[in-house]
Amino acid sequence: QVQLVESGGGLVQPGGSLRLSCAASESISNFLVMGWYRQAPGKQRELVASLTAGVITNVADSLKGRFTITRDNTNNTADLEMNSLQPEDTAVYYCSVKPWGSQHDYWGQGIQVTVSA
């Protein structure tokens, strides 16, 4: 059972930055896909960014240029760098992984990001 713990969320002013981190309970080399999703109040969960096989990145079109996903093999994390944050980025952000050879996705509990003056 993969355990994922998100950190780095909180309250930030518009225009600010945050870096979210997703710590996994096992080596991230075990994961085919690592991704970040978000869900705003009253909206469906949506993909923010994903990293496939450690090298192929995908960022939602509306977030390109502001959000970046990376992985840290030393600390066993997948990180989401968020810049120029706006109130519409307010949401609960979730980390998700899909291990190699698995059809099952694992999810973290989510972390709140609030962008407000």
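The values are calculated or read from the model by the stated rules, or taken from the named source; none is laboratory data. This is a predicted model, so every value here is computed, not measured. Backbone-built Cβ (ideal geometry, glycine too); neighbour counts: all protein chains shown. Surface areas here come from the heavy atoms of the whole protein model, side chains and all, with no ligands, DNA or RNA. Shrake-Rupley method; radii C 1.70, N 1.55, O 1.52, S 1.80 Å.
The table for this structure:
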{"read-out": "Single residue of A23, A53, A60, A40 found to be at pLDDT 95 or above, surrounded by fewer than 20 Cβ atoms within 10 Å (Cβ to Cβ) and farther than 26 Å from S116 by Cα", "value": "A23"}
{"read-out": "Strands (runs of 3 or more DSSP E) wholly inside the range 1-52 containing at least 3 residues that are in contact with a Cys (Cβ under 8 Å, 6 or more places away or on another chain)", "value": "4-7, 31-39"}
{"read-out": "Residues of the range 1-20 satisfying the condition of being open to solvent by 70 Å² or more (accessible area, probe 1.4 Å) and within 14 Å of the chain's Cα centre (by Cα)", "value": "V5, R19"}
{"read-out": "Top-ranked residue of the range 1-54 - restricted to ones that are of a type in the set (D, E) and in contact (Cβ under 8 Å) with a residue 24 or more places away in the chain, ranked as farthest from T90 (Cα to Cα)", "value": "E26"}
